[in-house]
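Report on the structure given below.
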Amino acid sequence: MKNDTEYQIDEFLFRFYRKRTASFLVNIYKAGITGASKDIHRARLDVKKILAIVDLLRIVRSKSDKDPEFEKIFKKLYHASGRIREIQVNMLLLTRAEFAGYDMTLFNNDLLMQEKKMTLEFLKVIRKFDEQKLFRIEKRIKKEVSKITSVTLQKKTTRYIHSKTTLIQELLENGDGEENIHKVRQHIKELSTVLSLVFAIKASDNLEMIISRLNKSEMMIGDWHDRVILADSMRIFLEQSTDYSESQMTPVKECHQIIFEENNRQIESITLDVHKAIIEGMPNTR
């Protein structure tokens, strides 16, 4: 027989799921009308929170694979909104004072064209979105959350933290290549998102400390990762833009080179800082 705590966990997770799916549907249909970046971004954040519940259920059930049904529903939409977000971050980065001395008009115009194209792609995905699939899955979510007990939640969460930190440590020990750091960031984001949901269910000082360390590390890698994406976008622009003169492209080339070199210089310090925060600084979770 379930105690009051179990019923509270059950009710909290199901209500959280319903609230997030309702918010998601409002935001995608609003985005379909306005095409506004803020509405697209809000829908993307809702997807993250919905997937956090799915991931938590997967962890509690000790399943290693992602939920294919949810992956199918959200994959195209999440990809399109993510690409838009990357373009917007690129444009925002270029407004920093460090880039004021470079004429980035051509590259900015290209980013605006990409944003327009991807927004149209996002709107197409919205029009094809089948919300009935989301409602059908709701029954399964309700059934799954009813199986979660406070003891299982604590035990599985502890195991999940240890598993993720072990993966992060292995990646850091394998070298400080760009691909490794990107994978570390993904693991940190997944861990932080799920633990934030667990913290909302049952707060603890230990969990709060872990989430704080994860968020600081993710922000540190995130800033570097944004600049990596900017450098990649510039590289692609330079490779594909053949209609401009050498003098027109020179500011973009110079700016790209500076960002590329700085990104490479930062990798080693990022690796050391993340290791200190996540591996050495993490409270004992075993």
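The values are calculated or read from the model by the stated rules, or taken from the named source; none is laboratory data. Bear in mind the structure is a predicted one, so any value in this text is a computation, not a measurement. When we count neighbours, we look across all protein chains shown, and the Cβ atoms used for this are built from the backbone with ideal geometry, even at glycine.
Restricting to the stretch 204-221, name every residue that is part of a helix (DSSP H, G or I), more than 15 Å from the chain's Cα centre (by Cα) and polar (S, T, N, Q).
N206, S212
If only one of M249, M234 is modelled with pLDDT of 90 or more and either on the phi > 0 side of the Ramachandran plot or in contact with a Ser or Thr (Cβ under 9 Å, 6 or more places away or on another chain) (or both), which one is it?
Within the list M249, M234, the selection yields M249.
Can we say K75 is under 30 Å from F135 (Cβ atoms), in the same structural domain as A52 (by TED's automatic domain parsing) and of a type in the set (K, R)?
Yes: the conditions hold for K75.
If I filter the stretch 124-156 down to residues being out of contact with any helix residue (DSSP H, G or I) (no Cβ under 7 Å at 6 or more places or on another chain) and not in a helix (DSSP H, G or I), which single residue comes out as surrounded by the fewest Cβ atoms within 10 Å (Cβ to Cβ)?
D130
Tally up the residues in the stretch 70-89 that are touching a helix residue (DSSP H, G or I) at 6+ places or on another chain (Cβ under 6 Å) and modelled with pLDDT under 90, please.
8
For T21, are the conditions met, namely being closer than 19 Å to I126 by Cα and at pLDDT below 90?
no
Could you tell me whether any residue of the stretch 90-113 is assigned to a helix (DSSP H, G or I), among the basic types (K, R), at pLDDT 85 or above and within 28 Å of M249 (Cα to Cα)?
For the stretch 90-113, residues assigned to a helix (DSSP H, G or I), among the basic types (K, R), at pLDDT 85 or above and within 28 Å of M249 (Cα to Cα): absent.
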